[in-house]
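Visitor: Okay, handing you the structure first.
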Amino acid sequence: MSQNNLKKIVLTVNGKEYTASVEPRMLLSDVLRDELGLTGTHVGCEHGICGACTIIMDGRPVRSCLVFGVQADRAEIRTVEGLAEPDGSLHPLQEAFWEKHGLQCGFCTPGVLMSACHFLEQNPNPSREEIREGISGNLCRCTGYQNIVDAVEMAAEFLNKHKKSEEETSDIESVHSGRKVEV
Ligand code: FES
Ligand code: FES
């Protein structure tokens, strides 16, 4: 393909801005993996069936194999690489998957994590049935889903505890700064 057919795109991925020159037919999943080196996003079916390539784009989970890179120009993207903290501490979902053995081969895991991450942001107190529904777009060939559901349930508990302790800390800070008056 001639250089003239390359399109320049700018993406913000996990808070960092990237520029790439891509063919218009190049899939976003391939842009992430091959152009930006973010190989945490997996590619299984390339047909929108398996969910392995799920990322969060502009606040919504999308299958990156169903989006052309050029369509993602100027988009804000989150991939599995953005879940852990910069110091390497795991996201509560990753911790819960570790604790509950929510993966076997791990191929589906990045997509499941991104779907679950968005799902828990929308529904912080889900029932097990809702969790099953929330991750139903992600196929797993290994686990039978039981441990994945257990892990998402545990992650919801982790996140809620974390939120509660943050609220308590901010209450204490308010009291110490003299701003808190009610008891
Ligand atoms: S690789 Fe995108 S849905 Fe399967
Ligand atoms: S852990 Fe192997 S496909 Fe899900």
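The values are calculated or read from the model by the stated rules, or taken from the named source; none is laboratory data. Just so you know, these numbers come straight off a predicted model, no measurement behind them. Every residue, glycine as well, gets a Cβ built from its backbone with ideal geometry; the counts of neighbours run over all protein chains shown. Note: areas computed on protein heavy atoms with side chains; ligands, DNA, RNA excluded. Shrake-Rupley method; radii C 1.70, N 1.55, O 1.52, S 1.80 Å.
Visitor: Could you check how many residues of region 1-15 are under 20 Å from Met114 (Cβ atoms), polar (S, T, N, Q) and outside any loop (DSSP other than H, G, I, E, B)?
Guide: Filtering region 1-15 for residues under 20 Å from Met114 (Cβ atoms) gives 11-15.
Among the residues that remain, those that are also polar (S, T, N, Q) are: 12, 14.
Restricting the remaining residues to those that are outside any loop (DSSP other than H, G, I, E, B) gives 12.
Going through region 1-15 one residue at a time, the tally reaches 1.
Visitor: Would you check if there is a residue in region 16-39 being within 19 Å of Cys140 (Cβ to Cβ) and either at pLDDT 95 or above or of a type outside the set (A, V, I, L, M) (or both)?
Guide: At the first step, the residues of region 16-39 found to be within 19 Å of Cys140 (Cβ to Cβ) are 29.
Those left that are additionally either at pLDDT 95 or above or of a type outside the set (A, V, I, L, M) (or both): 29.
Within region 16-39, one or more residues are within 19 Å of Cys140 (Cβ to Cβ) and either at pLDDT 95 or above or of a type outside the set (A, V, I, L, M) (or both).
Visitor: Go through (1) away from ligand 2 (no atom under 16 Å from the Cβ); (2) open to solvent by 20 Å² or more (accessible area, probe 1.4 Å); (3) under 18 Å from Leu113 (Cβ atoms) one by one and return the number of the condition Val43 breaks.
Guide: It fails just one condition, (1).
Visitor: Scan region 46-72 residue by residue and report those that are open to solvent by less than 60 Å² (accessible area, probe 1.4 Å), out of contact with any Ser or Thr (no Cβ under 9 Å at 6 or more places or on another chain) and part of a loop (DSSP other than H, G, I, E, B).
Guide: Gly48, Cys50, Gly59
Visitor: If only one of Gly137, Gly144, Gly88, Gly102 is within 16 Å of ligand 2 (Cβ to nearest atom) and free of Cβ contacts under 8 Å to residues at least 24 places away in the same chain, which one is it?
Guide: Being within 16 Å of ligand 2 (Cβ to nearest atom) and free of Cβ contacts under 8 Å to residues at least 24 places away in the same chain holds for just one of Gly137, Gly144, Gly88, Gly102, which is Gly144.
Visitor: Do you know which residues across region 56-96 are of a type in the set (Lys, Arg) and under 18 Å from Gly106 (Cα atoms)? Lay out the reasoning, then the answer.
Guide: Within region 56-96, the subset of a type in the set (Lys, Arg) is 60, 63, 74, 78.
Passing the criteria: only Arg63.
Visitor: Further, regarding this structure: Tell me, yes or no, whether region 78-94 has at least one residue that is more than 15 Å from the chain's Cα centre (by Cα) and assigned to a helix (DSSP H, G or I). Give the derivation first.
Guide: If we filter region 78-94 for residues that are more than 15 Å from the chain's Cα centre (by Cα), which is where we start, we get 86-89.
Still in the running and assigned to a helix (DSSP H, G or I): none.
Checked against the condition, which is being more than 15 Å from the chain's Cα centre (by Cα) and assigned to a helix (DSSP H, G or I), region 78-94 yields no hits at all.
Visitor: Could you check region 109-163 and list, in sequence order, the residues that are open to solvent by 60 Å² or more (accessible area, probe 1.4 Å), assigned to a helix (DSSP H, G or I) and farther than 19 Å from Leu90 by Cα?
Guide: Gln122, Arg128, Glu129, Glu130, Arg132, Glu133, Gln146
Visitor: Sort out which residues of region 16-45 are within 12 Å of ligand 1 (Cβ to nearest atom) and assigned to a loop (DSSP other than H, G, I, E, B), and write them in order of number.
Guide: Answer for region 16-45, where residues must be within 12 Å of ligand 1 (Cβ to nearest atom) and assigned to a loop (DSSP other than H, G, I, E, B): Thr41, His42, Val43, Gly44, Cys45.
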